[in-house]
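Comments concern the structure below.
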Amino acid sequence: MKVMSKLCSVIFAFGIGTLSATHVAAATLLQEDFESYAPGSNLVGQNGWTDEFGGGSFTIQIDPGAGLSTQVVNGRLFRGGIQWAIKQLPRSFTSSEIVTLSFDGYGSSVPPPSTNSGVGLLAGSFTTLAGGIFWDINDDAGGWSFDARGITGNLSDLSKRFTIAGHYDQPGRFSIVLDGAASEVYGVADFGAGPIQTPRFSVSGLAITSLDKVFIFQDYQFQLNRLGAEFDNISITAVPEPAEAALLVAGLALLSWRMRRGLGVR
């Protein structure tokens, strides 16, 4: 009995220790570094990446990076109009977890400059950005912008678009953070000098759980002297909220108690 009692205690202690050590492990929902694709190939039509209509009419090109050090999707191909690529997420988000979409980005100032190009999450059709949220580089705005207008329900509300001026010709790491329990969304950008956090915007749980795609868009409007940007290392992770972690601890405690009670251990 003493051995089993110790075993129960070890199970519980191991569970607590694991939670403490990992701060509740993040589940990786998507990881894309573009290294497995042939240089010069079209991302659309490969590995689950498609366009809205499935006809492969859009071109998101794979090439070695110029501003980023590894293979990237870029917007340096002359092709009229904004090009899109989307990928279905492996599962829906819940309103009780923290979801983070992260990626590397680089925008060039060399004419034609990078503009209207970004990465984000989307609900439903990408023919409209209603329901979407993204980071993009925009020459008109003068830098990188975090755009939460779609997910907050009002595309005309410019207060939901936050711009960090400059940072052309400078690699950056960008994140979109969806905090379901707090009903908030915000962005983080780091160009090597430390993270810059956007304001936190209120968002409904329904809006978060309706997100079902990751998307990339590139502006190839050469007639307007504009080209796209470089993007790499896209990842999406999800971490249970602290309340869920507390439930897991409680579950481990209950399991330990029931095992001890069944064995007649006090």
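Which ones in the range 185-195 are surrounded by fewer than 17 Cβ atoms within 10 Å (Cβ to Cβ), assigned to a strand (DSSP E or B) and either in contact (Cβ under 8 Å) with a residue 12 or more places away in the chain or at positive phi (or both)?
190
Quick one: count up the residues across the range 133-145 that are part of a strand (DSSP E or B) and surrounded by fewer than 18 Cβ atoms within 10 Å (Cβ to Cβ).
Matching residues across the range 133-145 total 1.
Restricting to the range 57-85, name every residue that is closer than 14 Å to residue 117 by Cα and either in a strand (DSSP E or B) or under 21 Å from the mean Cα position of the chain (by Cα) (or both).
Of everything in the range 57-85, those that are closer than 14 Å to residue 117 by Cα and either in a strand (DSSP E or B) or under 21 Å from the mean Cα position of the chain (by Cα) (or both) turn out to be 60, 61, 72, 73, 74, 75, 82, 83, 84, 85.
Could you list, in sequence order, the residues of the range 146-181 that are part of a loop (DSSP other than H, G, I, E, B), modelled with pLDDT under 95 and either surrounded by fewer than 17 Cβ atoms within 10 Å (Cβ to Cβ) or of a type in the set (Phe, Trp, Tyr) (or both)?
153, 154, 155, 156, 157, 181
Would you check if residue 54 is assigned to a loop (DSSP other than H, G, I, E, B), farther than 17 Å from residue 38 by Cα and at pLDDT below 95?
Yes, satisfied.
Restricting to the range 208-230, give me the number of residues that are out of contact with any Phe, Trp or Tyr (no Cβ under 6 Å at 6 or more places or on another chain) and surrounded by fewer than 21 Cβ atoms within 10 Å (Cβ to Cβ).
7
I need a count of the residues in the range 59-83 that are hydrophobic (A, V, I, L, M, F, W, C), at pLDDT 90 or above and surrounded by 17 or more Cβ atoms within 10 Å (Cβ to Cβ).
5
If residue 92 meets every condition in (1) of a type in the set (S, T, N, Q); (2) within 19 Å of residue 40 (Cβ to Cβ); (3) surrounded by fewer than 21 Cβ atoms within 10 Å (Cβ to Cβ) apart from one, which number is that one?
Residue 92 satisfies every listed condition except (2).
Considering only the range 26-42, state which residues are under 18 Å from the mean Cα position of the chain (by Cα) and either at pLDDT 95 or above or more than 21 Å from residue 173 (Cα to Cα) (or both).
Across the range 26-42, the qualifying residues are 28, 29, 30, 31, 32, 33, 34.
Identify the residue in the range 209-266 that is of a type in the set (Val, Ile, Thr) and either assigned to a helix (DSSP H, G or I) or modelled with pLDDT under 60 (or both) and, among all such residues, is farthest from the chain's Cα centre (by Cα).
265
Restricting to the range 86-119, name every residue that is among the polar types (S, T, N, Q) and either at pLDDT below 90 or not in a strand (DSSP E or B) (or both).
92, 94, 95, 96, 108, 109, 115, 116
The values are calculated or read from the model by the stated rules, or taken from the named source; none is laboratory data. What you see is a predicted model; the values in this text were computed from it and never measured. A quick note on method: Cβ atoms are made from the backbone with ideal geometry, for glycine too, and the neighbour counts reach across all protein chains shown.
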